[in-house]
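What follows is a single structure, written as structure tokens, with notes after it.
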Amino acid sequence: MQDEKRAEPREDTVSSATSSPAGDVRPRRRIPVLALLPPLLFLVIAGFFYAGLGRDDQLPSTMIGRPAPTVQAPPLGKLPVLTDEMIRAPEVKLVNFWASWCLPCRAEHAQLMEMNRRGVKIYGVNYKDKPENGLGFLAELGNPFHAIGTDRSGRMAIDWGVYGVPETFVIDPSGKVVLRFAGPITREVMENTILPVIEKAAAGGGE
């Protein structure tokens, strides 16, 4: 009587049973491409923001010590309009170039609001923007400006030597530029750079 031989299971059968006990085939999960867009967009925005932070150290200004350029700017909606007489008034003031599409402008806006609360007179120039967008920006974040002019063509920015927004100028009581700051005003910049220059200019000690 011959011994019965047990049939050894096939290797591929064991492998199949091990990898898929239920006998079904489960597809690998794939991350949708759209799910990667938000973090990538965040990185791009952050890159532009931090690039803007360092612009003041890279771009010299020939405006320091010179009279501020003439201002001829149309109004933004029904808000008080910036005039050349305001720039020449015997007091210290800030001129801030900004736009609703400018992310660093949004980042610095809280500091402009704070300086306005502290009594700093700030004038705004809405740069290459649509009026409705500029007004919407201020309606959302608040309006720190005593008066605003618009510069849709960018001509005024060229006269002031502006390379991009945001850029801020401190004007002394004689109408001369004593500080140009390119990039978003952080709290540190406000406390350690902008406000000390304003105080010095108000005391009659312009740059």
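Only the coordinates and a few stated rules stand behind these numbers; no lab work does. Only a predicted model underlies this, so the values are computations on that prediction, with no experimental measurement involved. Note: ideal-geometry Cβ built from the backbone for every residue, glycine included; neighbour counts use all protein chains shown.
Observations on the model:
- Gyration tensor verdict on the stretch 126-176 (Cα atoms; rounded if a/c is under 1.5, prolate if a/b is larger than b/c, oblate otherwise): oblate
- Rg over Rh [alpha-carbon atoms, Kirkwood Rh] for the stretch 52-202: 0.91
- In order through the stretch 66-74: 3J(HN,Hα) via Karplus (6.51 cos²θ - 1.76 cosθ + 1.60), integer Hz, x for Gly, Pro: 9, x, 4, x, 4, 10, 9, 10, x
- Relative packing of peptides 158-171, 140-153 - highest average C-beta neighbours within 10 Å first: 158-171, 140-153
- Vicinal HN-Hα couplings computed from phi for the stretch 174-182 (Karplus, 6.51 cos²θ - 1.76 cosθ + 1.60; Hz; Gly/Pro x): 8, x, 9, 7, 10, 7, 10, 10, 9
- Sequence ranges 177-185, 69-77, 126-134, ranked by mean other-Cβ count within 10 angstrom, highest first: 177-185, 126-134, 69-77
- Lysines with Cα under 25 Å of K93, excluding same-chain neighbours fewer than 8 positions away: K78, K121, K128, K176, K200
- Judged by the ratio a/c of the largest to the smallest principal axis of the C-alpha gyration tensor, the stretch 91-178 counts as oblate, that ratio being 1.5 or greater while a/b is no larger than b/c.
- For the stretch 125-132, 3J(HN,Hα) computed residue by residue from phi via the Karplus equation (6.51, -1.76, 1.60; θ = phi - 60°) reads 10, 7, 9, 6, 10, 7, x, 5 Hz, glycine and proline entered as x.
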